[in-house]
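Contents: one structure, followed by commentary.
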Amino acid sequence: MASRVSRQGIVPNPPHPVWTIVIYIAVGLVSVVLIFLGADRGVGELLLAGLSGLLGVLLLAPLIATIRSTGGSSPAGRLLEVTNALSRLAEEQALSDDARRVLNRKRERDILCRAIEEDIAAQDWDAATILVKELAERFGYRIEAEDFRQRIERTRTESMDRKVGDAVRNLDALIVRGQWDEAESEAARITRVYIDSPRVEGLRHRVARARDRYKAGLERRFLNTAKEGRVEEAHELLKELDNYLTEIEAEPYRELARGVIGQARENLGVQFKLSVQDRDWRRAAAVGEQIIRDFPNTRMAEEIRGVIDGIREKASAMPARV
C-alpha cells in the first residue's frame, strides 16, 4: 500500500496499455483499406463503410485522448465501448438503402403521418394524397392509407360545400338586387372554380330564368299602370323595361309607350309652368332638370335650357325650409 502512495499522499493514475492505441490505429487502417477496395472494385457498400469508419476514427480521436488523459477505473472497457460503437456505425452504413429503410420504418412512418396531417389541416389536398400513396405503396401501410384517403375526401367535400354555399348565397343576393351582369359573371366563376361540385350545375340558367321572370313582372306592371292612367309610374317602368327588351320584343309596346311618354312629358310641362307661376323655384328647377334629362331632344327641353340657370339662382336664394 505504501509503495503505491507518493510522498505527497496522491495515488497516481495506472498506466494505460499500448495495445489500446494499436486497436484504434487498426480500425483506422481497416477503414482506409475498405475505401481503397470499394473504389477499386466499384463496390459502393465497402466504400461507404470505409468512409464511415474513417469519419468515426477522426471524430472519436478527441474522445480517446480525453479518456487516456483523465484515466478511470476501466480505460480498457471504455475503449472497448468506443470500438463497439464504431463497429455498429460501420455496419449500419454498410447496409443497403432497403435494409436501412426497414430499420427506420416506424420513424419514417410517423414523420409521413405528421406531414399528411399538416397537409390536411392546410387543405392542401393534392399534397396529402401524394403522401398517402407513398404511405401505402412504399411503406405498405395500406389500411392507414385508406383511412387517410377517406378522411381527405370527407374533409375536402365538407370544405367545398361550405365554400360553394357561401358563393351561391352571394349569387342569390346579386339576383335579388337585379345586378344581372354581375350575377352572370359570378355564376360563370363559381362553375369554373367548383367544377366537381354538383351544386354548381345550372347556375347560369338559374340567373337567366330569374332575369326572365323579373322582365315578365316589369311588363305586367307597366301594362297595368298604363291602363290605370298612372302615367308617371308607367313612364318610370317603361324606362327600366327598355333595358330588357329587344327591338322585336318592344314592337308590341311601341304605341302604348308613345302615349305614356307623351302624357308624361305633358304632365311634367304642366308641373313646370305651375311651379314657375307659384314662384316655387326649387320645384321648378327640379321639374325642369327632369324634363331636360328625360326628353332632351324636345322643344320643351330646349326652352327650359334657356331659363334653367336663372331658376336655379332664384332657388338657391330662397330661404331654407323649416
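The values are calculated or read from the model by the stated rules, or taken from the named source; none is laboratory data. These figures come from a predicted structure and were not determined experimentally. A quick note on method: Cβ atoms are made from the backbone with ideal geometry, for glycine too, and the neighbour counts reach across all protein chains shown.
Data overview
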read-out: Candidates E233, E201, filtered to the one that is touching a Ser or Thr at 6+ places or on another chain (Cβ under 9 Å) and surrounded by fewer than 14 Cβ atoms within 10 Å (Cβ to Cβ); value: E201
read-out: Hey, E146 at pLDDT below 90 and surrounded by fewer than 15 Cβ atoms within 10 Å (Cβ to Cβ) or not; value: no
read-out: Residue tally, condition outside any helix (DSSP H, G or I) and either of a type in the set (D, E) or surrounded by 15 or more Cβ atoms within 10 Å (Cβ to Cβ) (or both), over the range 246-270; value: 0
read-out: Cross-chain or 6+ apart pairs with Cβ under 7 Å, the range 219-248 first and basic (K, R), then in a helix (DSSP H, G or I); value: R221/L237
read-out: Criterion (among the small types (G, A, S), under 30 Å from E240 (Cβ atoms), touching a helix residue (DSSP H, G or I) at 6+ places or on another chain (Cβ under 9 Å) and crowded, with 16+ Cβ neighbours inside 10 Å) met by exactly one of A136, A128, A187; value: A187
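Conditions (1) among the basic types (K, R); (2) at pLDDT 85 or above; (3) closer than 30 Å to P319 by Cβ, marked per residue:
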site	(1), (2), (3)
R213	yes, yes, no
K227	yes, no, no
R230	yes, no, no
A234	no, no, no
F272	no, no, yes
I292	no, yes, yes
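Per-residue answers, yes or no, for (1) touching a Phe, Trp or Tyr at 6+ places or on another chain (Cβ under 9 Å); (2) more than 21 Å from E240 (Cβ to Cβ); (3) among the hydroxyl-bearing types (S, T, Y); (4) assigned by TED's automatic domain parsing to the domain that holds H235:
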position	(1), (2), (3), (4)
E255	no, no, no, yes
S275	yes, yes, yes, yes
A286	no, no, no, yes
E289	no, no, no, yes
R293	no, no, no, yes
I304	yes, yes, no, yes
